[in-house]
There are 2 protein chains.
Amino acid sequence: MEYEEPLFFEVMSYAQEADRDVVDMVSGNPDWGSPDGISEGLHEYADLGGDDFQYAPSAGLRELREEIAARRGVDAERVIVANGGGAANYLAMGRALERGSGSEVVLTDPVYPYYPGKTTMLGGEQSFVPVADDGTLDPADVRATASDDTAAIVVNTPNNPTGAVYGEETMRELVAVAEECDAILVSDEVYDHFVLDGAFTSALSFDSEHVIVTNSYSKTHAITGFRVGYTILPREHVPAVRARNMLTNVSTTRPGQYAVLHALRETSPDYHAENRDRLRERVQTFTTALDAAGAEYTEPDGAFYVLAKFPDYPGTLEHTRELIDEAGVAGMPGSAFGESRSEWFRFALVTPRVETAAERLADYFG
Amino acid sequence: MEYEEPLFFEVMSYAQEADRDVVDMVSGNPDWGSPDGISEGLHEYADLGGDDFQYAPSAGLRELREEIAARRGVDAERVIVANGGGAANYLAMGRALERGSGSEVVLTDPVYPYYPGKTTMLGGEQSFVPVADDGTLDPADVRATASDDTAAIVVNTPNNPTGAVYGEETMRELVAVAEECDAILVSDEVYDHFVLDGAFTSALSFDSEHVIVTNSYSKTHAITGFRVGYTILPREHVPAVRARNMLTNVSTTRPGQYAVLHALRETSPDYHAENRDRLRERVQTFTTALDAAGAEYTEPDGAFYVLAKFPDYPGTLEHTRELIDEAGVAGMPGSAFGESRSEWFRFALVTPRVETAAERLADYFG
C-alpha cells in the first residue's frame, strides 16, 4: 500500500476517547441540522418498498439528475450521481488518469488530504503548487508546474482548509492551463453554498471539454452520512465515467437520492442563508479569540474552516493531541494538509461550542 | 476506456421501452418485498437527524460490524461495510491486485460480467476457466490456469448465472490453489441465503490468510437499491482495504446501514425460508415450460437464475431483443456472461409472472 488513510478519523477517535470534555473542531460535519425535507423524504421513501427499494439507474434517479441539471444549467446526460463528493472525485480523477494523457496530478499545498491519497491509489503522481498565505492560488504557478504529463489539476473552491474562494479570473486561467496541457480541471465545489464573503465562480461557467465539476449534498444539506454527490462531465467522458461508477459501486444509494430530491424541491433558500449567517458569526467569535491568543490565522471567504498558527507551537499530531488533552479543543494538524502548513492547525467551525473553544484557546495560549 | 459497462441496464431499458407487455427476467431485483424491519429501520432513522445524519465510521457502523461479525463467527475488526456487493468486490479485487503478487485474475466462464470489467478497470489481466455444463467448477482446472502471476481467483457461490453451489471439497481446493499461488480467493457469496438444494460452504469455513469473502444485503433483504454490503478480510489486509474504501467512498450510506442493522435484529428466519420455497416453485414452473419448449437448461441449486438454450436460437443480444418484441419475455443474452454460454439465455426468476413467461416461451418455441 503506497497511499495513506487520511487522519480525520484517527484524530476524532482520540478526541472522543479523551478523559475530559473536548470541543470537536475536527470533522466537517455540519451541526445545524438538515432541512426538514430530508427527513420527510426518507419517511416517504420508507413506505414505498418493493420496486422502489431496488437498484436506481446506475447514473442516478432520472428526476434527481434532471433537478441537478436544471439548477446547474447543463443537460441531464452530463450528470452522474455518485456516492458522495468522495466518490465523485474518485470518478473524476480516475477518468483523468486513464485517458493516456499523462500520469501527473497537480494539487495545491495545502491540500485536502483525500486528493493525494486518491492520486496514488489511482496510479498517478502527485505534484504540489503552493498557495499564498491568504490561500490565493496563482494560475501562473500552476502553469509552471503543469506539463504534457499532467492528467488532472484538482482544486477545491471554496477551499478546505484555507477558506479561499477562487475568483473568476483564477478559474478562467485554470481552465486555460488544463486545456493547454490536455489535462482535466477537476473542480470540487462541495462548499459552493458556503461563500461567506465575495462571489462564487463555478468551473461550469466556462464552456470547456477539460472541466469536470464535482459536488455533494453532504455539506449543503447537512447529511455527510448519506453519501449523495454528483459529477458534471463533458459529454465525451460520460460513457467511461458511467462505466467506472457501475464497476465500482453499481449505483448510489436510493433512499439517499430520494431524500435529497425531496429536499431540493422543499427547501427554501433561507435555510442556506441562515447557515451562512451562523458561520459568519462563528468566524467572528473564533478569530477574535485567536487575536487574544496571539495567533496568526486566515480569515475564510468560504467553507467551514480557519487555519491558525500559534507562537512556537507547530501543528503536529503530537501537539494536536496535547491541545485535546490540555486545552479541550480538537483541531486537525496542519501537517495533514501538506508541507506548507505544518506549523498550523485547522479548526472546523461546525460546532455550537465555537465560543467555548475560542475561550479555551485564548486561555491556553494567552 | 478498456473496460465495458455491463449490459444489464441496456437490456432492461430495451424491455421497458418495448411496445408490448414484457415479463422482465433480466434484473436480479427480488420481487417479494423486504422484511418489515427495513422500512421500520428507515423510519426510525429518519427521525434521528443531527449527528446521526453525519458520516458513519468509514469501515461501517460499529454495531452493524459487530452484528455481522457475530453471525459470521469472525472478529469485528475483520469486517468492512461497503457500498453493496459491487463495492465489496471492487475493494477485494483492488487489494488482491495492488499487493505486487501478480496481475492475473482467474475467473470462471460463464462469469458474472462485473468481474472482468472490474479486473480491467483495476489494471489486471483476465483469465477464464470453463465450468462444466452443470456449472460445476473443477479446482484442478483452476490450478492448471493459475500461476505465480495470479493475484486473485474470483468465484461466486451460489453462482450467477449457472445456479451452481460449490461444494466443500471444491471450496477447500480453491483455497489451497490461492495459497499455492500467493493469490487471494475472492468468494462472492451474495446468494448465500438462496441455496435451494444441498448445503452451502462459505470460504470463511477455511482458516486462511488467502481468502476474502464478500457479501451484501441486496438480495437477502430485497434492497438492491440501498447499497449495503461487506467484506471479511484477513487481518493483514484490513488497513489497506480500509484506506481504499475511505479514498473511494469515504463511507457507506448511513440510512442504509441503520435499516439493515434494524432488519437483521428483527427478521425471522422464516422470511428467508419462504423466499427459498417460492424460488423452488418458480424453478419448477419455469423448467417445466422449458421442457415443453424443447430447451436445454441447468437446474439451479442456488441463486435466482436459469440458463436455457433453445434449438437453433443462440443467446445473442439480437435474439434477446427479438424475444422481448415477439415473445414478451426479457432475458439476458448468454454472451454477456462469457464465450462458453453464447448459445444460452439467462432468465431471472424474480418476477411473480414466471408462469406467464414460461407459457410465452413454450408457445414461442413449442
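The values are calculated or read from the model by the stated rules, or taken from the named source; none is laboratory data. Bear in mind the structure is a predicted one, so any value in this text is a computation, not a measurement. Please note: Cβ atoms are built from the backbone with ideal geometry, for glycine as well, and neighbour counts cover all protein chains shown. Only protein heavy atoms, including side chains, enter the accessible area calculation; ligands, DNA and RNA are left aside. Shrake-Rupley method; radii C 1.70, N 1.55, O 1.52, S 1.80 Å.
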Before we move on, is B:T201 among the polar types (S, T, N, Q) and within 14 Å of chain A (Cβ to nearest Cβ)?
no
Complete set of residues in the stretch B:186-208 that are open to solvent by 10 Å² or more (accessible area, probe 1.4 Å) and either among the aliphatic types (A, V, I, L, M) or assigned to a strand (DSSP E or B) (or both):
B:V190, B:V195, B:L196, B:A199, B:L204
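When you scan the stretch B:209-220, how many residues do you find that are among the polar types (S, T, N, Q) and either within 11 Å of another protein chain (Cβ to nearest Cβ) or open to solvent by 10 Å² or more (accessible area, probe 1.4 Å) (or both)? Walk me through how you get there before you give the answer.
The initial filter retains those residues of the stretch B:209-220 that are among the polar types (S, T, N, Q), namely B:214-216, B:218, B:220.
Those left that are additionally either within 11 Å of another protein chain (Cβ to nearest Cβ) or open to solvent by 10 Å² or more (accessible area, probe 1.4 Å) (or both): B:216, B:218.
The number of residues fulfilling the criteria is 2.
Tell me which residues, restricted to the stretch A:209-219, are under 23 Å from A:R99 (Cα atoms) and in a loop (DSSP other than H, G, I, E, B). Even if it seems obvious, please write down each step before you answer.
Residues of the stretch A:209-219 under 23 Å from A:R99 (Cα atoms): A:209-215.
Residues satisfying the conditions are A:E209, A:H210.
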Only listed residue being more than 11 Å from every other protein chain (Cβ to nearest Cβ), out of contact with any Asp or Glu (no Cβ under 7 Å at 6 or more places or on another chain) and over 27 Å from A:R78 (Cα atoms), chosen from A:D301, A:D312
A:D312
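Identify the residue in the stretch B:238-249 that is open to solvent by less than 10 Å² (accessible area, probe 1.4 Å) and either of a type in the set (A, V, I, L, M, F, W, C) or within 25 Å of B:D277 (Cα to Cα) (or both) and, among all such residues, is nearest to the chain's Cα centre (by Cα). Lay out the reasoning, then the answer.
Quick first cut of the stretch B:238-249, residues open to solvent by less than 10 Å² (accessible area, probe 1.4 Å) only: B:240-241, B:243, B:245-249.
Among the residues that remain, those that are also either of a type in the set (A, V, I, L, M, F, W, C) or within 25 Å of B:D277 (Cα to Cα) (or both) are: B:240-241, B:243, B:246-247.
Numbers: B:A240: 24, B:V241: 20, B:A243: 24, B:M246: 23, B:L247: 24 Å.
Of everything passing the filter in the stretch B:238-249, B:V241 is nearest to the chain's Cα centre (by Cα).
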Considering the stretch B:44-68, residues that are surrounded by fewer than 17 Cβ atoms within 10 Å (Cβ to Cβ) and assigned to a helix (DSSP H, G or I), and then whichever is farthest from the other protein chains (Cβ to nearest Cβ), we arrive at B:E66
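Specify which of the listed residues (A:R280, A:R265) is over 22 Å from the mean Cα position of the chain (by Cα), in contact (Cβ under 8 Å) with a residue 12 or more places away in the chain, more than 18 Å from A:V190 (Cβ to Cβ) and open to solvent by 10 Å² or more (accessible area, probe 1.4 Å). Break it down into steps so the answer makes sense when it comes.
Values: A:R280 fails: over 22 Å from the mean Cα position of the chain (by Cα).
Just a single option satisfies the conditions, and that option is A:R265.
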I'd like to verify a number: residues in the stretch B:140-163 that are more than 15 Å from B:L97 (Cβ to Cβ) and either open to solvent by less than 10 Å² (accessible area, probe 1.4 Å) or touching a Ser or Thr at 6+ places or on another chain (Cβ under 6 Å) (or both), how many?
11
Give A:E318, A:E359 a once-over and let me know the one that is among the acidic types (D, E) and under 26 Å from A:L196 (Cβ atoms).
A:E359
Out of all the residues in the stretch B:99-120, is one or more more than 29 Å from B:D197 (Cβ to Cβ), charged (D, E, K, R) and assigned to a strand (DSSP E or B)?
yes
Output yes when any residue across the stretch A:221-237 is more than 14 Å from every other protein chain (Cβ to nearest Cβ), touching a strand residue (DSSP E or B) at 6+ places or on another chain (Cβ under 9 Å) and surrounded by fewer than 22 Cβ atoms within 10 Å (Cβ to Cβ), and no when none is.
yes
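Can you say whether B:T136 is in contact with a strand residue (DSSP E or B) (Cβ under 8 Å, 6 or more places away or on another chain), in a loop (DSSP other than H, G, I, E, B), more than 20 Å from B:H272 (Cα to Cα) and not aliphatic (A, V, I, L, M), as far as the supplied structure shows?
Working: in contact with a strand residue (DSSP E or B) (Cβ under 8 Å, 6 or more places away or on another chain): no; in a loop (DSSP other than H, G, I, E, B): yes; more than 20 Å from B:H272 (Cα to Cα): yes; not aliphatic (A, V, I, L, M): yes.
When the stated conditions are applied, B:T136 does not pass them.
Quick grid of which residues meet (1) closer than 21 Å to A:E10 by Cα; (2) touching a Lys or Arg at 6+ places or on another chain (Cβ under 8 Å):
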{"site": "B:G50", "(1), (2)": "no, no"}
{"site": "B:S58", "(1), (2)": "yes, yes"}
{"site": "B:V81", "(1), (2)": "yes, yes"}
{"site": "B:R95", "(1), (2)": "no, yes"}
{"site": "B:V111", "(1), (2)": "no, no"}
{"site": "B:G124", "(1), (2)": "no, no"}
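Just checking, which of A:L317, A:L361, A:L307, A:L349 is touching a residue at least 40 places away in the same chain (Cβ under 8 Å), touching a strand residue (DSSP E or B) at 6+ places or on another chain (Cβ under 8 Å), surrounded by fewer than 16 Cβ atoms within 10 Å (Cβ to Cβ) and under 21 Å from A:M12 (Cβ atoms)?
On the way: A:L361 fails: surrounded by fewer than 16 Cβ atoms within 10 Å (Cβ to Cβ); A:L307 fails: surrounded by fewer than 16 Cβ atoms within 10 Å (Cβ to Cβ); A:L349 fails: surrounded by fewer than 16 Cβ atoms within 10 Å (Cβ to Cβ).
The conditions single out A:L317.
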Any chance the stretch B:288-302 includes a residue that's under 18 Å from the mean Cα position of the chain (by Cα), within 30 Å of B:V129 (Cβ to Cβ), surrounded by fewer than 24 Cβ atoms within 10 Å (Cβ to Cβ) and without any contact (Cβ under 8 Å) to a residue 40 or more places away in the chain?
no
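Which ones in the stretch B:91-124 are hydroxyl-bearing (S, T, Y) and either out of contact with any helix residue (DSSP H, G or I) (no Cβ under 8 Å at 6 or more places or on another chain) or not assigned by TED's automatic domain parsing to the domain that holds B:S251 (or both)?
So in the stretch B:91-124, the residues hydroxyl-bearing (S, T, Y) come out as B:101, B:103, B:108, B:112, B:114-115, B:119-120.
Hits for the stretch B:91-124 are B:S101, B:T108, B:T120.
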Within the stretch A:91-120, residues aliphatic (A, V, I, L, M) and either touching a Ser or Thr at 6+ places or on another chain (Cβ under 6 Å) or open to solvent by 20 Å² or more (accessible area, probe 1.4 Å) (or both) come out as A:L91, A:A92, A:L97, A:V105, A:V106
Within the stretch B:28-43, considering residues that are at the interface with another protein chain (Cβ under 7 Å from one of its Cβ atoms) and part of a loop (DSSP other than H, G, I, E, B), the one surrounded by the most Cβ atoms within 10 Å (Cβ to Cβ):
B:S34
Got at least one residue in the stretch A:71-90 being facing another protein chain (nearest Cβ under 9 Å), in a loop (DSSP other than H, G, I, E, B) and either open to solvent by less than 20 Å² (accessible area, probe 1.4 Å) or touching a helix residue (DSSP H, G or I) at 6+ places or on another chain (Cβ under 8 Å) (or both)?
yes
Among the residues of the stretch A:228-283, what is the count of those that are polar (S, T, N, Q), within 30 Å of A:E355 (Cβ to Cβ) and assigned to a helix (DSSP H, G or I)?
1
Among the numbered conditions (1) touching a residue at least 24 places away in the same chain (Cβ under 8 Å); (2) in a helix (DSSP H, G or I); (3) more than 30 Å from B:G225 (Cβ to Cβ); (4) open to solvent by 50 Å² or more (accessible area, probe 1.4 Å), tell me where A:R20 comes up short.
(2)
